[in-house]
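Asker: Right, I'll just put the structure down here and ask away after.
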Amino acid sequence: MLVLGIETSCDETAVAVVEGPAGPQPVGRILSNTVYSQLTEHRRFGGVVPEIAARAHLERIDGLIEQALAEAGVGLADLDGIAATGGPGLIGGVMVGVMTGKALAFAHDKPFLAVNHLEGHALSVRLTEPVEFPYLLLLASGGHCQLLTVRGPGDFTRLGTTIDDAAGECFDKTAKLLGLGFPGGPAVEKAAAGGDPKRFALPRPMWRKPGCDFSFSGLKTAVRQAAEKLDPNDATAVADLCASFQRTVGDVFADRCTNALALAPMPTLVVAGGVAANVYLRSRLEEVAAAHGATLVAPPVRLCTDNGAMIAWAGVERLRLGRVDALDFRPRPRWPLDPTATTAKRV
Ligand code: KG4
Ligand code: ZN
């Protein structure tokens with residue numbers, strides 16, 4: 001089963017070809033995984049500009065599809081399905097990917113699969129690891145921070161979510177305050193490597209409270225106040241603040257996942273989304289999983305941040321269940337994984 005995956009929901013134009021397994025078991029093969037990162041387009045604005053992103057996707061998408069097919073050594077006629085991110089995300093970019101996917105599906109008479117970007121992250125672990133359903137998932141990206149149980153494609157129960165900011169957003173803000181550049185996650189992780197994680201005592205919102213919700217706005221404010229007091233040229237202080245911040249996020253993740261594992265015991269804890277690329281946070285979650293007799297499984301670091309392979313893989317998972325989308329699918333700027341979940345509140 002060969003599926004082309006198109007990802008255009010934020011600032012990465014990404015296209016991949018993935019081969020699905022013959023049977024119902026997980027683990028696929030990535031035949032190509034191309035990405036054009038729009039970092040240079042957005043850098044001088046210090047964040048992603050939606051209109052610029054949409055135009056850049058439009059300029060690059062055709063060339064990337066050609067490249068992904070060439071690298072995979074397949075033609076459009078060989079494909080079994082065409083998957084594109086259908087939301088949630090910046091709507092201009094999502095429209096570019098969806099329109100391109102639909103046009104290819106129509107012209108070549110292939111099934112079209114509109115993939116929820118969050119489901120792409122949620123299922124991505126099964127592309128490379130033989131993880132069975134159900135599992136507990138911590139999904140932490142630039143726009144989301146949620147704990148969910150995953151029973152299968154389209155079958156999620158949300159145990160908790162952030163009541164304000166996402167964890168990735170907090171990493172990006174910390175990097176910006178300290179002049180470490182954009183995107184912030186990798187820069188903060190690098191700076192934290194030599195720092196003292198105990199130097200700054202930062203607040204741990206929601207820590208030791210019942211439930212599985214998150215909050216990061218208080219932490220963001222505390223980091224801003226600490227950053228304002230320190231000399232940005234003092235590399236030791238910057239490293240110490242990054243390390244203290246990262247440890248605090250680790251404490252919060254560990255605490256929330258402990259509650260989730262108690263509430264919904266599962267043999268596997270999965271972490272996915274851009275923040276899952278953080279090696280320190282992965283090690284903290286490994287400890288939490290082990291303490292509950294569970295195992296932490298995460299996608300390889302390079303597949304944690306946005307990529308086309310996770311969209312193609314979610315397409316494989318849906319295609320083998322026959323969950324194909326019609327060509328009148330409308331891009332969805334908002335698209336919760338668990339539509340029954342209510343808004344989280346401060347406790
Ligand atoms: O999943 P993703 O690529 O895009 C969204 O769907 O949002 O996640 C991007 C987020 C950014 O906030 C970025 O700073 C964060 O993931 N991130 C990291 C690391 N790499 C990326 N955060 C912490 N440590 C990292 N190594
Ligand atoms: Zn993402």
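Asker: Zone of residue 302 (label point 7 Å along Cα→Cβ, backbone N under 16 Å): which residues in region 56-75?
Answerer: Of the residues in region 56-75, 68, 71-72 have backbone N under 16 Å from the label point off residue 302.
Asker: Taking the Cβ-Cβ separation of residue 66 and residue 37 as r and a Förster radius of 22 Å, what is the calculated FRET efficiency to the nearest 0.05?
Answerer: Calculated value: 0.75.
Asker: Of 20, 70, 54, which is farthest along the charge dipole of region 1-150 in the positive direction, counting Lys and Arg as +1 and Asp and Glu as -1 at C-beta?
Answerer: Final value for the positive-end residue is 54.
Asker: Shifting gears a bit: What is the sum of charges, Lys and Arg at +1 and Asp and Glu at -1, for the other residues whose Cβ falls under 9 Å from the Cβ of residue 219?
Answerer: It works out to a net charge of +1.
Asker: Moving to a separate point now. Against the longest alpha carbon principal axis of the chain, how many degrees, from 0 to 90 and to the nearest 10, is the axis of helix 167-177 turned?
Answerer: The helix 167-177 is inclined about 60 degrees to the chain.
Asker: For residue 74, enumerate residues with amide H under 5 Å from its amide H, sequence gap 5+ or separate chain, H modeled in the peptide plane.
Answerer: Amide H to amide H, under 5 Å and 5 or more residues apart or across chains, residue 74 pairs with nothing.
Asker: Connecting C-alpha atoms closer than 10 Å in a GNM of the chain, tell me which of 317, 119, 71 has the biggest fluctuation.
Answerer: Checking each option, the largest mean-square fluctuation is seen for 71.
Asker: Right, here's the next one. Taking the Cα atoms only, what angle lies between the long axis of helix 91-108 and the longest principal axis of the chain, rounded to 10 degrees?
Answerer: It is inclined by approximately 20 degrees.
Asker: Apply the Karplus curve 6.51 cos²θ - 1.76 cosθ + 1.60, θ = phi - 60°, to the phi angles in region 196-202 and return the couplings in whole Hz, x for Gly and Pro.
Answerer: Going residue by residue, I get 8, x, 9, 5, 10, 8, 10 Hz, with x marking Gly and Pro.
Asker: Right, something else. How large is the Kirkwood hydrodynamic radius of the chain, counting all unique pairs of alpha carbons, in Å?
Answerer: Details: mean 1/r = 0.0490 Å⁻¹.
For the chain, inverting the mean 1/r across all distinct Cα pairs yields 20.4 Å.
Asker: Ok, one more. Roughly how many nanometres apart are two label points built 7 Å out from the Cα toward the Cβ at residue 234 and residue 103?
Answerer: Going from the residue 234 label point to the residue 103 one covers 5.5 nm.
Asker: While we're looking at this one, here's another question. Take residue 51 and residue 329, extend 7 Å from each Cα along the Cα→Cβ direction, and tell me the distance between the two endpoints in nm.
Answerer: A separation of 2.9 nm, rounded to one decimal place.
Asker: Moving to a separate point now. Scan around residue 297 for amide H atoms under 5 Å from its own, H built in the peptide plane at 1.01 Å from N, and keep only partners 5 or more places away or cross-chain.
Answerer: For residue 297, the qualifying residues are 269, 270, 271.
Asker: Going by Cα centres, region 1-67 and region 79-158 are how many Å apart?
Answerer: 12
Asker: With Cβ to Cβ distances under 10 Å as the rule, what net charge do the other residues near residue 268 carry (K, R +1; D, E -1)?
Answerer: On the way: positive: none; negative: 129, 132.
Neighbour charge sum, excluding residue 268 itself: -2.
Asker: Return the calculated 222 nm mean residue ellipticity for the chain, to the nearest 500 deg cm²/dmol, obtained by summing -39500 (n - 2.57) across DSSP H runs with n ≥ 4 and dividing by the residue count. Don't skip to the answer; put the middle values down first.
Answerer: Values: 11 runs with 144 residues, N = 347.
Taken over the chain, the calculation gives -13000 deg cm²/dmol.
Asker: Could you derive backbone 3J(HN,Hα) for region 61-72 from the dihedral phi with the Karplus parameters 6.51, -1.76 and 1.60 (θ = phi - 60°), listing whole Hz in sequence and x where the residue is Gly or Pro?
Answerer: 4, 5, x, 5, 5, 4, 5, 5, 5, 5, 5, 7
Asker: Residue separation times 0.36 nm, minus the C-alpha to C-alpha distance between residue 321 and residue 338: what's the value? Before the final figure, lay out the partial values.
Answerer: Values: separation 17, 0.36 × 17 = 6.12 nm, distance 1.90 nm.
The residue 321-residue 338 span can extend by a further 4.2 nm.
Asker: Using only Cα atoms and rounding to the nearest 10 degrees, what angle (0 to 90) does helix 279-291 make with the longest principal axis of the chain?
Answerer: Helix 279-291 and the main axis of the chain meet at about 90 degrees.
Read-outs throughout are calculated quantities, based only on the coordinates presented, and are distinct from any laboratory measurement. For clarity, every value in this text was computed on a predicted model and none was experimentally measured. Heads up, the Cβs are rebuilt from the backbone with ideal geometry, glycines too, and the neighbour counts pull from every protein chain shown.
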